[in-house]
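A.B. asks: For reference, the structure I am asking about is given below.
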Amino acid sequence: MPTILRLDSSARHDGSTSRMLGDLVENTLVEQIPDSSIIHRDLADEPLPHLDATAIAGFFSSPDALHDTLKAAIAQSDELVEELLAADILILTVPMYNFAVPSALKAWIDHVVRIGRTFSYDGQSFAGLLQGKKAYVVCAYGATGYGVGEPFGAANFVEPYLRFVLTFLGITQTEFFSVEATSAPEDARAPFVEKARETILQALRGAQPA
């Protein structure tokens, strides 16, 4: 039974374009794999703590050196890592906040990018440990012009950052879907949303995810 892990990071529910398109991705995948198990984690509604010195010490301690304080400090991170390891497919819905990912998502990334758990280092090179997983990422931009070569392309630290992080962890099968003008009035926003919907459906329907 494939497991889908969905991560939402928009602070909004009503009117959130990233969440709405995430629903489309999720529902379309479930159409194809109806026996899938879905885990929803709302990073905005249930924010994760930022890392502190004790948690970082726990991350870099050997198992036999983990005393009770360190174990407690990394317990939630361990839970998130296990959740990620168990997932076959990821869905990330990501609005741009001030040119980057929401801090709620960044906190999750800080908890799951763990040496010896999700990536390895042999003293010379890094290797991701999450091979074989598939990721679908919905990126929502309030304005327009964030594509490569466009006026604000150099200010887009959302897709390049997430693509690098996922690849670093070994997730090389990724589909990015973008929607712009989400802060525009409804009549101006609608064509962008419809184009994103069409792109998602065209990409997902008829192709079983790996």
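The values are calculated or read from the model by the stated rules, or taken from the named source; none is laboratory data. Remember, predicted model here, so these are calculated numbers, not experimental data. Using ideal geometry, Cβ is built from the backbone for each residue, glycine included, and neighbour counts are taken over all protein chains shown. Heavy atoms of the whole protein, side chains included, go into the accessibility calculation; ligands, DNA and RNA do not. Shrake-Rupley method; radii C 1.70, N 1.55, O 1.52, S 1.80 Å.
A.B. asks: How charged is the neighbourhood of M1? Take every other residue with its Cβ under 10 Å from the Cβ of M1, and add Lys/Arg as +1 and Asp/Glu as -1. Before the final figure, lay out the partial values.
C.D. replies: Values: positive: none; negative: D35, D88.
Local charge sum for M1: -2.
A.B. asks: Continuing with the same structure: Pulled fully out, how much extra length does the chain show between L201 and D45, if you take 0.36 nm times their separation in residues and subtract their Cα-Cα distance?
C.D. replies: On the way: separation 156, 0.36 × 156 = 56.16 nm, distance 2.79 nm.
That pair, L201 and D45, stretches by 53.4 nm at full extension.
A.B. asks: Rounded to two decimals, what is the ratio between the C-alpha radius of gyration of the range 41-136 and 2.2 N^0.38 Å? Write out the running numbers ahead of the final one.
C.D. replies: Working: Rg = 14.4 Å, N = 96, 2.2 N^0.38 = 12.5 Å.
Dividing the Cα radius of gyration by 2.2 N^0.38 Å gives 1.15.
A.B. asks: Can you give me the Kirkwood hydrodynamic radius for the range 115-180, using every pair of distinct Cα atoms, in Å to one decimal? Kindly include the intermediate steps, with their values, before the conclusion.
C.D. replies: On the way: mean 1/r = 0.0754 Å⁻¹.
After inverting the mean inverse Cα-Cα distance, the result is 13.3 Å.
A.B. asks: Here's a follow-up. Subtract the Cα-Cα distance of E150 and A53 from 0.36 nm times their separation in residues, and report this length gain in nm to one decimal. Please list the in-between numbers first.
C.D. replies: Numbers: separation 97, 0.36 × 97 = 34.92 nm, distance 4.02 nm.
That works out to 30.9 nm of additional length.
A.B. asks: Sort out for me the Cα centre separation of the range 161-210 from the range 60-109, rounded to whole Å.
C.D. replies: If we compute the Cα centre of each part, the gap is 23 Å.
A.B. asks: For the chain, which semi-axes, largest first and in whole Å, follow from the square roots of 5 times the eigenvalues of its Cα gyration tensor?
C.D. replies: Numbers: eigenvalues 191, 76, 53 Å².
Values for the chain, descending: 31, 20, 16 Å.
A.B. asks: Please report the relative contact order for the range 144-210, taking Cα pairs under 8 Å with a sequence separation of at least 6, and give it as a percent rounded to a whole number.
C.D. replies: On the way: 33 pairs, mean separation 12.5, N = 67.
After rounding, I find 19 percent.
A.B. asks: What accessible area per residue, rounded to a whole number of Å², is obtained for the chain using a probe radius of 1.4 Å?
C.D. replies: Working: 10540 Å² over 210 residues.
On a per-residue basis, the chain sits at 50 Å².
A.B. asks: Shifting gears a bit: Grab the other residues whose beta carbon is less than 12 angstrom from that of I200, score K and R as +1, D and E as -1, and report the net.
C.D. replies: Details: positive: K195, R197, R205; negative: D23, E26, E175, E194, E198.
Every neighbour counted, the sum reads -2.
A.B. asks: I want the antiparallel fraction of DSSP beta bridges within the range 52-210, as a percent rounded to 5.
C.D. replies: Values: 4 of 19 bridges.
Of all bridge pairs located within the range 52-210, approximately 20 percent are antiparallel.
A.B. asks: Here's another thing I want to ask about it. How high is the FRET efficiency from T172 to R12, r the C-beta distance, R0 41 Å, rounded to 0.05? Mind dumping the intermediate values first?
C.D. replies: Numbers: r = 31 Å, r/R0 = 0.76.
The value I calculate is 0.85.
A.B. asks: Once neighbouring chains are kept in place and the probe is 1.4 Å, which whole percent of the accessible area of the range 1-90 is contributed by carbon and sulfur?
C.D. replies: Roughly 53 percent of what the probe reaches on the range 1-90 is carbon or sulfur.
A.B. asks: Another one. Sum up the charges of everything whose Cβ sits under 12 Å from the Cβ of A143, counting Lys and Arg as +1 and Asp and Glu as -1, but leave A143 out. Don't skip to the answer; put the middle values down first.
C.D. replies: On the way: positive: R189; negative: E150, E180.
Local net charge: -1.
A.B. asks: Kindly sort Y121, Y146 by accessible area of their heavy atoms, largest first, with the probe set to 1.4 Å. Can you show the working numbers first?
C.D. replies: On the way: Y121 105, Y146 25 Å².
The ordering from most to least exposed comes out as Y121, Y146.
A.B. asks: For the range 150-204, which whole-number percentage of the solvent-accessible area (1.4 Å probe, protein heavy atoms only) is attributable to carbon and sulfur atoms? Each step should come with its number before you reach the end.
C.D. replies: Numbers: 1810 of 3100 Å².
Accessible surface attributable to carbon and sulfur in the range 150-204 totals 59 percent.
A.B. asks: Where does each of 194-200, 108-114, 133-139 land if you order them by average Cβ count within 10 Å, highest first? Walk me through the numbers on the way to the answer.
C.D. replies: Details: 194-200: 15.1, 108-114: 19.4, 133-139: 23.3.
Top of the packing list down: 133-139, 108-114, 194-200.
A.B. asks: OK, next. Once both labels are modelled 7 Å past Cα along the beta-carbon direction, what's the H67-E83 spacing in nm?
C.D. replies: Output for this residue pair reads 3.0 nm.
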